[in-house]
1. I need a count of the residues in region A:344-364 that are assigned to a helix (DSSP H, G or I) and touching a residue at least 40 places away in the same chain (Cβ under 8 Å).
2. I'd like to check something: does region B:8-23 contain any residue that is more than 7 Å from chain A (Cβ to nearest Cβ), assigned to a helix (DSSP H, G or I) and closer than 20 Å to A:I369 by Cα?
3. Taking into account only those residues within region A:517-558 that are among the small types (G, A, S) and assigned to a loop (DSSP other than H, G, I, E, B), which is nearest to the other protein chains (Cβ to nearest Cβ)?
4. Would you please name the residue that is surrounded by the fewest Cβ atoms within 10 Å (Cβ to Cβ), looking only at residues in region B:180-211 that are assigned to a loop (DSSP other than H, G, I, E, B) and in contact (Cβ under 8 Å) with a residue 40 or more places away in the chain?
5. What number of residues within region A:466-488 satisfy the criterion of being farther than 24 Å from A:F50 by Cα and more than 9 Å from chain B (Cβ to nearest Cβ)?
6. Mind telling me which of the residues A:I292, A:I299 ends up being under 22 Å from A:G362 (Cβ atoms) and within 11 Å of chain B (Cβ to nearest Cβ)?
7. Residue check, B:I78 against (1) over 32 Å from the mean Cα position of the chain (by Cα); (2) more than 30 Å from B:A152 (Cβ to Cβ), all met but one. Which one?
8. Going through region A:365-380 one residue at a time, which ones are assigned to a helix (DSSP H, G or I), of a type in the set (G, A, S) and facing chain B (nearest Cβ under 7 Å)?
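The values are calculated or read from the model by the stated rules, or taken from the named source; none is laboratory data. Nothing here was measured: the structure is a model prediction, and the numbers come from that model. Note that each Cβ is placed from the backbone with ideal geometry, even for glycine, and that neighbours are counted across all protein chains shown.
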Amino acid sequence: MQTQDAIIPGSAPEPKLNYLTNGSTLRSWLLTKDHKRIAIMYLITVSLFFMMGGMYAAAIRLELLTPASDLLQSGTYNKVFTQHGILMIFFFLIPSIPAILGNFLIPLMIGAKDLALPRVNLLSLYIYWIGGALTLWALMQGGVDTGWTFYAPYSTTFSNTYVMAVGLGIFINGFSSILTGLNFIVTIHTMRAPGMTWFRLPLFVWAHYATSLVMILGTPVVAITILLLALERVAHIGIFDPTVGGDPILFQHLFWFYSHPAVYIMILPGMGVISELISSFSRKKIFGYEFIAFSSIAIAVFGFLVWGHHMFVSGQSIYAGLVFSFLTMVVAVPSAIKVFNWTATLYKGSISYDTPMLYALGFLGLFLIGGLTGLFLGSVGLTVHLTDTYFIVAHFHYVMVGGQVIAYLGGIHYWWPKITGRMYSEFWGKISAMLVFVGFNLTFFPQFILGYQGMPRRYASYPEEFQVLNIFSTAGASVLGVGLIMPVIYLTHSLIFGKKAGDNPWILPGLEWRTSSPPPTENFEVMPVVTWEAYDFSDENGLDIDEIKRQQAELATA
Amino acid sequence: MQNTSWVPLFPDQASTFAWQVDALYFYLIAISVFFTVGIVAAVFFFAIKYRAKEKYETPDEIHGSMVLETVWSIIPFIISMTIFLGGAIIYFQQYTSPPEGMEIYVVGKQWMWKIQHETGQREINELHIPVGTKIKLTMTTEDVIHDFFVPAFRTKADVVPGRYTYMWFEATEVGKFHLFCAEYCGLNHSGMGGWVYVMSKDDFEQWLSGNTAGQTPVEAGKDLFQNKLGCASCHAGGPQQRGAKLEGLFNSDVKLVGGQTVKADEQYIRNSILNPASQVVEGFQPIMPTFKGQVTEEQLNALVAYIKSLSPGAAGSSPGGAAPGAPAMTNTNAAAANKPAPAKPAAKPAANSNK
């Protein structure tokens, strides 16, 4: 291939500028239009929010070690679980994979110089910062105790906490999601390199396309809901509170019309990461590419039709309940298709167990349990008993943490050499991946049993017979905590002491591996022309395997 | 006291729903174990059998299989439909009140449950009921949303301000069972609970007679209607009354100004007291003042009970044999409002599961 020499540079005598070294002033970061630098700034902020949310989680688990509300009074406990939910959902899970990995990788994967709207990308980071800062300010002032769901009329009339400030923070932050989603859609439509057809896109890009659809269609609804909540709380206009003529069920319809699709914002990108990892570490084309791609779109579309399954016991008509239950069961099918295809990809592969692959295999197990327990909750007669108990808590942590967070960690490890140019410690990586898996299961599996026994969620104190399982859960959480802190340490350590990674450390055909590590500001020195299929490990993929192996060996001995 | 069910780690089975919900639960566990074991075994098998023999070796390409994709789309769909049907059947029973049963009024309030029996007894955070009797709860709240949850009965329902919600159950075991509020309701949410005492019928009778009864809801409502709120001045049934006649009203069809016809169920009566102008009966002027803010939820319950008592025949003559009791969770459905009357011509709900 003509362009090959340019794309895979030889060992140049003096280091070229990459996106990290191209400008070192604070101004060059804060006013950058480079999607990669913006992704790094997201990475830092999102990680801080994750740590804060994690500290709230630790407080929750410590309080629940004993049946009485002793460590935290119930008023404090209510704020702690509310703020855990708000930080983790709006400021960690929703931006995690899209704003960090999506931002960094979509242009690289499709062969573009940047996102289509670089200034808008920077704007969405600033909006995220402003929304986050406002929310943090409100938490410092005294916080909020409504639950992350803000159910009316508690939130509009009864709560004496900083509902308005936190609501405004979430309202502002929503525009960050909308702009990011818009940017991705425009970029994927208009910025693909020559030869990069839709069906040559990595599934990571397909998953982000589906996610972006949900972001731009769903997020405005939660903005409207918060606005209506504010009108009622401040101006006493009767919308949700029946004492002033409103309808509390209306709030739930509006809220879940966004927040159910938001669940898919929190899992589809993770599914995209897993498709990359399973294929890369089996060194095989993904099984059933089109089925995985379209199942993402199907999930995004059906995701808008099932919000009522959060309201089976809320007082909505039982016929509505039956329809929502039916549609919920239909959504299970595209998720099942993905799991089967991932498993089939392993068949006759050449599987290696690097840290990202351990996360990917862990994801398969955890997402499977998360998805199957979703069937329990979609089955309406059973969910009358299970809803609002710890069964729900366990289920959505299996999907959100066992799914999205595990995928996020796998993705961070997998692309770490590309992002930073350094290799992390494979030994510590494997240890922490296993600790996370074991700790996670120990934390949340007992909660399924607690839930079926009837322990309600959001309880600061609970009957004594539930204590044993709560102790298991808290013990598991401490293992999980250690597993999550370790990557912070060894990944930071690798920035300075890590081995040089080389441009293509895993020897993979994806476009992002065909530029240098870290990539230059303009991503590719020469516009790439794509002549290979997605996940093409055959000889036609245009890679000079021997040359890459030689370079990697050189790095190893250097 | 608390009977232990046959599997440890499971809650007591103490209502007619319990065994059905548990059966569905075990069905789902079986499906989950089947798929989890299958997939995990496949992952382990592949991961070991096809581990990389040599770093970066490239195996043969496999593109996919239309047959497999079809199979693993259709089979999960069929299985999920069986789960849907099982859940739907149980749900329909849980939320369809039987025509007859013992009616109990429940008012939620931050952070307590206030309960009143038909016979006048009041309880707070405790509910005494006889075993083997259908119990129908008519519930509302004075402030925020709560949720009445008895794990041993495998049912719950939200209690929503501004409207009535209904639930029912039939206890099968004598004992003491947890009552929880399951919908987050503020500061002392985890303290908003108590116990349901299921008693033998004899013990229950004794409890009733030992517990000094105040006024029954009907008596209290009559008192409010005639003396305290002055409803009788317009609605007392004289020839030139300004307000609509209430005798025989309950469960009848009412023609409204504008031509619409509604069924006079509990929700309608409640709404007519709180928002009289919203549903004006044909032939009357919208002159009735609102009683919003002047009556408590418990007084409203009493008024509704009194107005229902003015229509003694209404209970049995409701929906008829065709429909097995309309859904109880919706406001507009009247089935749950059926009064316990001696004569019982209405058909039993087909879905009812008496042991």
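1. Within region A:344-364, residues that are assigned to a helix (DSSP H, G or I) and touching a residue at least 40 places away in the same chain (Cβ under 8 Å) number 12.
2. Within region B:8-23, one or more residues are more than 7 Å from chain A (Cβ to nearest Cβ), assigned to a helix (DSSP H, G or I) and closer than 20 Å to A:I369 by Cα.
3. A:S538
4. Within region B:180-211, the match that is surrounded by the fewest Cβ atoms within 10 Å (Cβ to Cβ) is B:S200.
5. Matching residues across region A:466-488 total 3.
6. Sole residue among the options that is under 22 Å from A:G362 (Cβ atoms) and within 11 Å of chain B (Cβ to nearest Cβ): A:I292.
7. Of the numbered conditions (1) over 32 Å from the mean Cα position of the chain (by Cα); (2) more than 30 Å from B:A152 (Cβ to Cβ), the odd one out for B:I78 is (1).
8. A:G365
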